[in-house]
Amino acid sequence: MNKSGNPTSLIMIFGATGDLAKRKLFPSLYRLFEKGSLTDQFAVVGVARRPLTNEEFQTSVKDSVLTALGKDANIDEFVSHFYYHSHDVTDSSSYVTLKTMAAGLDEKYNIGGNRIFYLAMAPEFFGTIALHLKSDGLTDVKGFKRLVIEKPFGHDLESAKELNEQIRTAFSEEEVYRIDHYLGKEMVRNIEVIRFANAIFEPLWNNRYISNIQITSSETLGVEERGRYYETSGALRDMVQNHMMQMVALLAMEPPIRLTDEEIRSEKVKVLRALRMPEGEQIKDYFVRGQYGKGTVNGEELPGYREEQMVNPESNTETYVAAKLMIDNFRWAGVPIYIRTGKRLTTKSTKIVIQFKDIPMNLYYQTDKELNPNLLVIHIQPDEGITLHLNAKKAGQHLDATEVKLSYANSGINGMNTPEAYEKLLDDCMHGDATNFTHWDEVALSWSFVDNISEVWENTKEESYPNYEAGSKGPKAADELLEKDGFFWWPIMELDVDKC
Ligand code: NAP
């Protein structure tokens, strides 16, 4: 920390010419700089193989800030803190130069030996880089050292363990910041506040009053040019193992005794440990997989997954997953948590719907239909907010009720200032706050849950693929998953904040 209480740090970005660095990291650092969270005592070293001068690198940082944010006030001052080192991370000799460069910048900007190593590169390099950082002395500093790692953290439990062992030779668990950018999203962070800062929700937050929970994270895009990666991943590994399981844990955990990262994590871990693990044939009763075929959206013909670049024409990879998760503990026994996520769907949206149980006896009716259950909807993206669906008396009618919605839309108040997920996560990391990063225990538990399903899926070809059209709502089997329990997916588009 410097005198103003802001952290000082030398940030090394491995993969600084890549997509993530340009689209997310540089604009987020710029916003922190603009807000004064980054003072003069910082420097950024970009690392990648292609040869660039410092000036060329600074120009690319300027371009990415302007493209992402449409503004560039004080940009020259900002980019003057950026340096470039051309370096193949598999080449041992090059780390020595990097070390000398880091030491010089540390002194020049009076950073006090605080270092953040951000690995914005393909995961196969993570272990090598971590080992070199230690063996070549880059982690030998008098300040803090922190390692930020992008997803995917391993491909399954086995590979995640191997990777973890490699990085733990150079960094302690407290020094590892595993990014799950969903945990940086404003409304995901809000789940805890909604639950634990409102006396009206927590008493109802259990199997006596909640009938089911639905979490949807849908995308309209296909795999684009990520076909090669996606073929080895699929929706289960790409979305469920991390983002979806994290949201489940936040929704279902017990109140932590304090808001520290250890206490929150320990409650989240208990949820993951209580997840019912379906085996073999039972998996069909809990999980649905899908793969998109061709479709037409707004007059444009879209290819099926198997026609995408670098995708096997007979691919068995799922681009959609729906699941019914059961948490076998006292609070949640009997309450299904339905999740669904997929590509090439009708709408881009992430929402959580908490459906409360019906009241014991209906005294009022809505014209033509049953009274609606109460819903609490948490809008994660693109709209951010909360909506509470209630029933109230219809004006002028005798005993008729009508649905009313109480809405809070984040965008209406401070949407323009809503920090981007990466901005918050970078800021947290500089302050040493690991609350919104995933701990190894969570990673290991969620992999062991997901491995159980993917092992079966990989060994059984899904004959129905492709089983949903591009631009549709997903496979029919996902609807049936809820129908057999007497529920249905709440139509996502009708729940949008601006429709309320
Ligand atoms: P990318 O565009 O392919 O960038 C890869 C970077 O690594 C480039 O800067 C490349 O630069 C560098 N690189 C490759 N091999 C290297 C080597 N041997 N030595 C040194 N540098 C090397 O990838 P990305 O999309 O930015 O993704 C980076 C990581 O973030 C991945 O783990 C990805 O899964 C994760 N991620 C990305 C996003 C996203 O929005 N892009 C979102 C979530 C997670 P040179 O070619 O110049 O070496």
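For this structure, a couple of remarks:
Here is a yes/no grid of residues against (1) in a strand (DSSP E or B); (2) under 17 Å from SER211 (Cα atoms); (3) in contact with a Phe, Trp or Tyr (Cβ under 7 Å, 6 or more places away or on another chain):
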residue	(1), (2), (3)
PHE330	no, yes, no
ILE339	yes, yes, no
PRO360	no, yes, no
HIS379	yes, no, no
ILE386	yes, no, yes
LEU390	yes, yes, no
ALA395	no, no, no
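- Given (1) free of Cβ contacts under 8 Å to residues at least 40 places away in the same chain; (2) within 16 Å of the ligand (Cβ to nearest atom); (3) of a type outside the set (Ser, Thr, Tyr), number of the condition MET101 does not satisfy: (1)
- Checked against the criteria, ASN198 counts as among the polar types (S, T, N, Q) and part of a loop (DSSP other than H, G, I, E, B).
- Out of ARG340, ARG344, ARG331, sole residue that is closer than 23 Å to VAL248 by Cβ and within 20 Å of the chain's Cα centre (by Cα): ARG340
- Taking segment 172-193 as the range and being within 16 Å of the ligand (Cβ to nearest atom), open to solvent by 40 Å² or more (accessible area, probe 1.4 Å) and part of a loop (DSSP other than H, G, I, E, B) as the test, no residue passes.
- Filter result (of a type in the set (Phe, Trp, Tyr) and more than 16 Å from the ligand (Cβ to nearest atom)) within segment 104-122: TYR109
The rows are residues; the columns are (1) touching a Phe, Trp or Tyr at 6+ places or on another chain (Cβ under 7 Å); (2) of a type in the set (A, V, I, L, M).
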| site | (1), (2) |
| --- | --- |
| ASN212 | yes, no |
| THR220 | no, no |
| VAL223 | yes, yes |
| TYR230 | no, no |
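- Checking each residue in segment 41-53 for being without any contact (Cβ under 8 Å) to a residue 40 or more places away in the chain and either away from the ligand (no atom under 14 Å from the Cβ) or of a type outside the set (Lys, Arg) (or both) picks out VAL44, GLY46, ALA48, PRO51, LEU52, THR53.
- Residues being in a loop (DSSP other than H, G, I, E, B) and farther than 22 Å from MET121 by Cα - total across segment 69-96: 6
- Residue match in segment 141-156 (condition: hydrophobic (A, V, I, L, M, F, W, C) and part of a helix (DSSP H, G or I)): no
- Residue match in segment 31-38 (condition: open to solvent by less than 10 Å² (accessible area, probe 1.4 Å) and either more than 12 Å from the ligand (Cβ to nearest atom) or within 24 Å of the chain's Cα centre (by Cα) (or both)): yes
- Selection status of ASN74, modelled with pLDDT of 95 or more and either more than 13 Å from the ligand (Cβ to nearest atom) or on the phi > 0 side of the Ramachandran plot (or both): no
- Contact map, segment 79-91: first residue open to solvent by 20 Å² or more (accessible area, probe 1.4 Å), second residue within 8 Å of the ligand (Cβ to nearest atom) and among the charged types (D, E, K, R), Cβ cut-off under 7 Å, separation 6 or more or different chains; pairs are SER86/ARG49; SER86/ARG50; ASP88/ARG49.
- Where helices (runs of 4 or more DSSP H) sit wholly within segment 242-326, those with at least 2 residues that are more than 21 Å from THR460 (Cβ to Cβ) and open to solvent by 30 Å² or more (accessible area, probe 1.4 Å) occupy 261-274.
- Residue list for segment 123-140, restricted to those being in contact (Cβ under 8 Å) with a residue 24 or more places away in the chain and within 16 Å of the ligand (Cβ to nearest atom): PRO123, PHE125, PHE126, GLY127, THR128, ILE129, ALA130, LEU131, HIS132, LEU133, ASP136, LEU138
- Output for segment 318-339, where each listed residue is out of contact with any strand residue (DSSP E or B) (no Cβ under 9 Å at 6 or more places or on another chain) and in contact (Cβ under 8 Å) with a residue 24 or more places away in the chain: ASN329, ARG331, GLY334
- Any hit, segment 463-475, residues being polar (S, T, N, Q) and open to solvent by 90 Å² or more (accessible area, probe 1.4 Å): no
- Condition met for GLU56 (away from the ligand (no atom under 14 Å from the Cβ), open to solvent by 40 Å² or more (accessible area, probe 1.4 Å), assigned to a helix (DSSP H, G or I) and of a type outside the set (A, V, I, L, M, F, W, C)): no
- Filtered residue count, segment 194-221, keeping only those that are under 18 Å from the mean Cα position of the chain (by Cα) and either more than 26 Å from PHE437 (Cα to Cα) or free of Cβ contacts under 8 Å to residues at least 24 places away in the same chain (or both): 2
- Which listed residue is part of a loop (DSSP other than H, G, I, E, B) and either open to solvent by less than 20 Å² (accessible area, probe 1.4 Å) or within 16 Å of the ligand (Cβ to nearest atom) (or both), from PRO7, PRO27: PRO7
- Which numbered condition GLY113 fails, given (1) on the phi > 0 side of the Ramachandran plot; (2) open to solvent by 10 Å² or more (accessible area, probe 1.4 Å): (2)
- Some residue of segment 141-150 being more than 16 Å from the ligand (Cβ to nearest atom) and at positive phi: no
The values are calculated or read from the model by the stated rules, or taken from the named source; none is laboratory data. Fair warning: this is a prediction, and the values are worked out from it, not measured in the lab. Note that each Cβ is placed from the backbone with ideal geometry, even for glycine, and that neighbours are counted across all protein chains shown. The area values use the complete protein model at the heavy-atom level, side chains included, leaving out ligands, DNA and RNA. Shrake-Rupley method; radii C 1.70, N 1.55, O 1.52, S 1.80 Å.
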